[in-house]
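First the structure, in the form of C-alpha cells, and then the observations on it.
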Amino acid sequence: MNAIEIRNLTKAYPLFTVDDVSLDVRQGYITGLIGPNGVGKSTLIKMMLGIVRPDSGSVKILGCEMPKQEIAIKQRIGIVSDDCFYYEHLTIHDTKKLVAPFYDKWNDSKFKGYLDQFELSPKKKIGDLSKGMKIKLALAVALSHEAELLIMDEPTSGLDPVFRREMLDLLADMMQNERNSIIFSTHITTDLDRIADYITFINRGKIVFNEAKEDVLERYALIKGDMELLDSDIRKEFIGIRETAVGFEGLVDNRHKAAQLFGNHAVLETPSLEDIMYFTAKGGRVHA
Amino acid sequence: MLNLLRKDFIALKSSLWMTLFYLAVFSIAFIPRSDFSIYFVGIYTAFASVSLVTMIDIKNNNHHFLVTLPVSRKHIVQAKYITAILFMLFGVLGSFGIHWFVKLAFPQLNKPDYTVLDILVPMGILLVLTSIYMPLFYALSKKGAGIINAVFLIALIIMAQPTAFMMTLLNENHMMSSNLLFMAAAGILLLFIASYYVAVTLFSRKDM
C-alpha cells in the first residue's frame with residue numbers, strides 16, 4: 001500500500017513549474033526526497049499538504065483524498081518544516097495549549113517527554129528559539145499525536161550534527177511500527193544515506209527517479225579515468241562529467257553497460273546520493 | 001471550530017488588554033466632545049479590536065501554520081468571522097455601558113437617553129466595515145493586510161464627521177422609519193453573509 005499517491009500534479013509559476021509529477025510513497029518505509037535547492041521539493045510537499053493549491057492533478061494521503069478529506073488526513077500526519085510559523089510571542093507551553101486540542105490522539109506525557117529529551121523549556125518563547133530548536137519543537141508536536149505519516153521538509157538544515165543523529169534515531173524508532181511512514185525532503189543527502197529506504201530525486205520540477213535506495217546505488221556508477229578515454233561518443237554515456245587536469249569523473253545510470261565499455265581502463269565506484277544529485281543537476285561537462 | 005476560537009484567545013492573551021485600552025482612550029477622546037460618541041467609541045473600539053485579532057494571525061505568517069492543523073480553511077475563516085462578531089459586541093456594548101455610566105455619574109455632560117437603536121446602528125456600520133475588510137484581509141499578503149488596516153483606520157477618522165452630520169440629518173428629519181431600518185438591517189446581513197462566502201473562496205484558493 002502507498003502512504004502517498006500523487007498523480008499528474010502540476011503547478012506553474014512565472015519562472016518555475018512543477019511539471020506533471022506522479023509519485024508513490026510506500027507505506028512502512030522512509031522515503032527521501034532529494035534535489036538541489038529551488039527545484040520543487042518544498043512546492044511538492046506544500047501541494048501534498050494543501051498549503052499550495054495545484055493547477056491540476058490529484059493527491060491521496062493514507063487512502064484519503066486531498067483536499068476533500070484534509071481534516072481526517074491532517075489528524076494522521078505530522079509535519080516538520082524548517083519554517084514552522086508558530087506564534088512568535090507565545091511560549092512553548094502556550095503553543096502546546098493551542099495545538100493539542102486540534103488532535104484526537106494528542107499524548108501530553110509524550111510531548112513533555114520530548115521536550116525534556118530535546119532540552120526545550122516550556123517557558124521559552126517561540127521567538128527566542130533558534131531555527132534548530134523550532135525544528136525540535138515541530139518534531140515534538142508531530143510525534144505527540146500518534147502520526148502515521150511524517151512529512152518533513154528540510155528538517156535537518158538548521159540542526160547541529162549531534163541532534164541530527166538523535167533525530168534520525170527517533171525516526172528509526174518511529175519506523176518500528178510497520179504502519180508508519182516518513183517522507184523526508186533534504187539536500188543534505190548524508191542523512192538519507194543513513195536511514196532512507198526509497199529515494200525520490202526531483203530536478204527542475206520533474207521526477208528523475210523514485211526507487212529503492214539500494215537499486216539506485218546499484219544502477220548508477222561513478223567512473224574515474226584518464227582524459228584519453230573520453231571521446232564524443234563516450235561523453236554521451238554520462239549523465240554528468242567533471243574534468244580536471246589529471247582526469248575525469250562522471251556519472252552513468254547503467255553500471256553494467258559502463259563496466260563493459262571501460263573494462264579495466266577506468267575505476268567504477270558506487271556513487272553517493274550527493275554524487276548522483278550533483279552530476280544530474282549539473283549535467284554536461286564541468287571543469288574543475 | 002471551538003478550538004479555533006480558543007486559539008484566537010490564546011494567541012491574543014498578552015494583547016487582550018489592548019481592547020480595554022482602546023475602549024478607554026476612545027471614550028476619553030469622544031464622550032466629552034461628540035453628541036454621537038456612543039457610535040464612535042463603539043465603532044472605533046470594535047474595529048481596532050477586530051484589526052488586532054486579524055493581524056495576530058499574519059504577524060509571523062501564521063496562516064502557514066494554521067493550514068497545517070486538522071481544520072479546513074473554511075473553518076479558519078468562519079472562526080475569524082465569529083471572533084470579529086464577539087469583538088464588535090464587546091465594542092458596541094462596552095460603549096453603551098460606559099455611556100450609561102457617564103450619564104449617571106456625569107450629568108453635566110448632557111448625554112441623551114440611549115435606546116436599542118444606539119446599539120443596532122453602530123453594530124450595522126461595523127458589520128458593513130467588516131464585510132469589506134475581511135475578504136481583503138484573506139485575499140492579500142502580510143504586507144497588503146497591513147496596508148488595508150492603515151487605510152481603514154484613516155477612512156474611519158475621515159468619515160467620522162460626515163457620518164455624524166448624516167446621523168443628525170436623519171434624526172432631525174425623522175427619516176429613520178421602521179421600514180427603512182428593516183431594509184437596512186436585511187441588506188447589511190446579506191452583505192455580511194456574502195462577504196463570508198467571498199472570504200472563504202479567496203482564502204481557499206490562496207497559495208501560502
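Compute the longest continuous run of chain B that contains no exposed trypsin sites (Lys or Arg not before Pro); treat a site as exposed when its DSSP state is not H, G, I, E or B and it has at most 16 other Cβ atoms within 10 Å.
In short, B:60-208.
Work out the count of Lys pairs in chain B where the Cα-Cα distance is under 22 Å, with the pair 8 or more places apart or on different chains.
Total qualifying Lys-Lys pairs in chain B comes to 21.
With only Lys, Arg, Asp and Glu charged, each at its Cβ (+1 for the first two, -1 for the last two), find how big the charge dipole of the protein assembly as shown is about the Cα centre; round to the nearest 20 debye.
Roughly 1520 debye, rounded to the nearest 20.
Could you check which residue among B:VAL77, B:VAL121, B:VAL25 shows the biggest mean-square fluctuation in a GNM of chain B with a 10 Å Cα cutoff?
B:VAL25
Taking each residue in A:78-87, count the Cβ atoms of any other chain within 10 Å of its Cβ, then average. What number comes out?
Mean shielding by partner chains, rounded to a whole number: 4.
Straight-line reach from A:LYS136: which lysines have Cα under 18 Å away, leaving out those fewer than 8 places along the same chain?
Filter leaves A:LYS96, A:LYS97, A:LYS110, A:LYS112, A:LYS123, A:LYS124, A:LYS125.
Taking 8 Å as the Cα distance limit and 6 or more residues as the minimum spacing, I'd like the relative contact order of chain A as a percentage.
Here the relative contact order equals 21 percent.
So what are the ³J(HN,Hα) numbers for region A:248-254, from phi and the Karplus equation (6.51, -1.76, 1.60; θ = phi - 60°), rounded to whole Hz, Gly and Pro as x?
Each residue's phi maps through the Karplus curve to give 9, 9, x, 9, 10, 9, 9 Hz.
Just need log10 I(q)/I(0) for region B:1-136 at q = 0.11, 0.12, 0.16 Å⁻¹, Debye formula, equal scatterers on the alpha-carbon atoms, no solvent, rounded to two decimals.
Rounded to two decimals, the profile gives -0.43, -0.51, -0.80.
Quick one: net charge of A:ARG165's neighbours, Cβ under 14 Å, K/R +1, D/E -1?
-3
Dipole magnitude of region B:1-125 about its Cα centre, charges +1 at Lys/Arg Cβ and -1 at Asp/Glu Cβ only, in debye to the nearest 20?
That gives a dipole near 400 debye.
Which whole-Hz couplings ³J(HN,Hα) result when phi for each residue of region B:133-141 is put into the Karplus expression 6.51 cos²θ - 1.76 cosθ + 1.60, θ = phi - 60°, listed in order with x for Gly and Pro?
5, 4, x, 5, 4, 7, 8, 8, 7
Using a 10 angstrom cutoff on alpha carbons, build the Gaussian network for chain B and name the most mobile of B:PHE137, B:PHE65, B:PHE90.
Looking only at B:PHE137, B:PHE65, B:PHE90, the biggest GNM fluctuation is shown by B:PHE65.
Rank B:GLY94, B:GLY146, B:GLY42 by mean-square fluctuation in a GNM of chain B with C-alpha springs under 10 angstrom and give only the top-ranked residue.
Ranking B:GLY94, B:GLY146, B:GLY42 by mean-square fluctuation puts B:GLY146 first.
Under the rule of at least 5 residues apart or a separate chain, name every residue whose amide H is placed under 5 Å from the amide H of A:SER181.
Those lying under 5 Å, H to H, from A:SER181 are A:GLY28, A:LEU149, A:LEU150.
To check you understand DSSP bridge types, tell me what percent of the beta bridges within chain A (both residues inside) are antiparallel, rounded to 5.
About 60 percent, rounded to the nearest 5.
If you add up the charges near A:SER185, with Lys and Arg at +1 and Asp and Glu at -1, over every other residue whose beta carbon is less than 14 angstrom from its beta carbon, what do you get?
-3
What does the charge add up to near A:ILE223, with Lys and Arg as +1, Asp and Glu as -1, over the other residues with Cβ less than 13 Å from its Cβ?
That works out to -2.
What percent antiparallel are the DSSP beta bridges of region A:220-287, to the nearest 5?
Antiparallel bridges make up about 80 percent of those DSSP assigns within region A:220-287.
Please tell me the relative contact order of region B:90-208 in percent, rounded to the nearest whole number, where contacts are Cα pairs under 8 Å and at least six residues apart.
So the answer I get is 36 percent.
Over chain B, what is the relative contact order in whole percent, taking alpha-carbon pairs under 8 Å and six or more residues apart?
Value for chain B: 27 percent.
In sequence order, what are the phi-derived ³J(HN,Hα) couplings for region B:79-86 according to the Karplus relation 6.51 cos²θ - 1.76 cosθ + 1.60 with θ = phi - 60°, rounded to whole Hz, with x for glycine and proline?
Going residue by residue, I get 4, 5, 5, 5, 4, 4, 4, 4 Hz, with x marking Gly and Pro.
Name all residues of region B:72-90 having a backbone nitrogen under 12 Å from the label point set 7 Å from the Cα of A:LYS97 along its Cα→Cβ direction, giving them as ranges.
Answer for region B:72-90: none.
Restricting to bridges with both residues inside the protein assembly as shown, how much of the DSSP beta-bridge set is antiparallel, in percent to the nearest 5?
60
Any read-out appearing in this document is the output of simple, stated calculations on the displayed coordinates, not a laboratory observation. Owing to the predicted nature of the structure, the values given are computational and were not obtained by experimental measurement. Note: ideal-geometry Cβ built from the backbone for every residue, glycine included; neighbour counts use all protein chains shown.
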